[in-house]
1. Within region 277-287, can you find the residues that are at pLDDT 85 or above and on the phi < 0 side of the Ramachandran plot?
2. What helices (runs of 4 or more DSSP H), lying completely within region 183-276, carry at least 3 residues that are under 16 Å from residue 75 (Cβ atoms) and either at pLDDT 90 or above or in contact with a helix residue (DSSP H, G or I) (Cβ under 6 Å, 6 or more places away or on another chain) (or both)?
3. Given (1) within 30 Å of residue 190 (Cα to Cα); (2) modelled with pLDDT of 80 or more; (3) outside any helix (DSSP H, G or I), identify the lone condition not met by residue 92.
4. Filter region 259-285 for residues that are closer than 17 Å to residue 41 by Cα and without any contact (Cβ under 8 Å) to a residue 60 or more places away in the chain; which is surrounded by the most Cβ atoms within 10 Å (Cβ to Cβ)?
5. Would you say residue 125 is buried (at least 17 other Cβ atoms within 10 Å of the Cβ) and modelled with pLDDT under 75?
6. Out of 76, 14, which single residue is at pLDDT below 85 and either out of contact with any strand residue (DSSP E or B) (no Cβ under 8 Å at 6 or more places or on another chain) or assigned to a helix (DSSP H, G or I) (or both)?
7. Can you tell me which residue within region 305-318, out of those that are modelled with pLDDT under 90 and within 13 Å of the chain's Cα centre (by Cα), is farthest from residue 165 (Cα to Cα)?
């Protein structure tokens, strides 16, 4: 239900942005506001992780296993994204050059073009998430409050609503985005399948590194596709708390790495690579960074990709548990 609301907000925001496309200050402001919304979202996500004591009991081992599994899941996703862009679909036509005021996403990208700025920006995203983790773990009063009332998930959803509305405004305000989307072929609908296969094959390469992990373990972790909240709940209830903890960390790393390294993934695997790497989050939290690393005309396929994988996670995790 939440995913449907998020999609509706983006479409509604796009319609509003298109209607007010002549009001450049509004569209540009929405594009800039996205960054601040994401900062708040990452802080709250950090708090959500910090108040979970299970992640800190065996943190060194859990963290290492999560990192290795995620690296191979991303590698598989990038490779299959490259195959998808190379052999299955024609390149998406680029949006023609327009003034920055008319293209808020391009404007924000151009302003952060230097390598130093990109590094600092990436570090700031990770830093704000880390601050949230530390606050949630080491401030007892805050931790007790969040655990007592359990409203943090609702806060995350509310922030996502605001984020998607801003993204819709930014996209809808750029006329050339919709013109470019008409050139996309129907084969683009197969992109989620390439993410699923790429992830499943990629995580297999993590098995030789750990004697205590089974085929089922790595596959069920990969089957979260960055949807860490839902997948970890299923894993914890049906299988193992330890693997659930690994799944939480792994899928958070997958999401955060795409936020921070989307331009690098584009260089490695083409424009579809950050979409595949983002998994289920390509349609919400990571969407602004995918668009900044690629271009606005990838918005529709990115949202579609995230929507499909979001609905697929409740089926993918139980299927992986059958291995």
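1. 277, 278, 280, 281, 282, 286, 287
2. Those helices (runs of 4 or more DSSP H) span 191-204, 215-222, 241-269.
3. (2)
4. Of everything passing the filter in region 259-285, 282 is surrounded by the most Cβ atoms within 10 Å (Cβ to Cβ).
5. yes
6. 14
7. Filtering region 305-318 for residues that are modelled with pLDDT under 90 and within 13 Å of the chain's Cα centre (by Cα), the one farthest from residue 165 (Cα to Cα) comes out as 310.
The values are calculated or read from the model by the stated rules, or taken from the named source; none is laboratory data. Keep in mind that this is a model prediction, so the values were computed, not measured. All Cβ positions, even for glycine, are placed from backbone atoms using ideal geometry, and neighbour counts span all protein chains on display.
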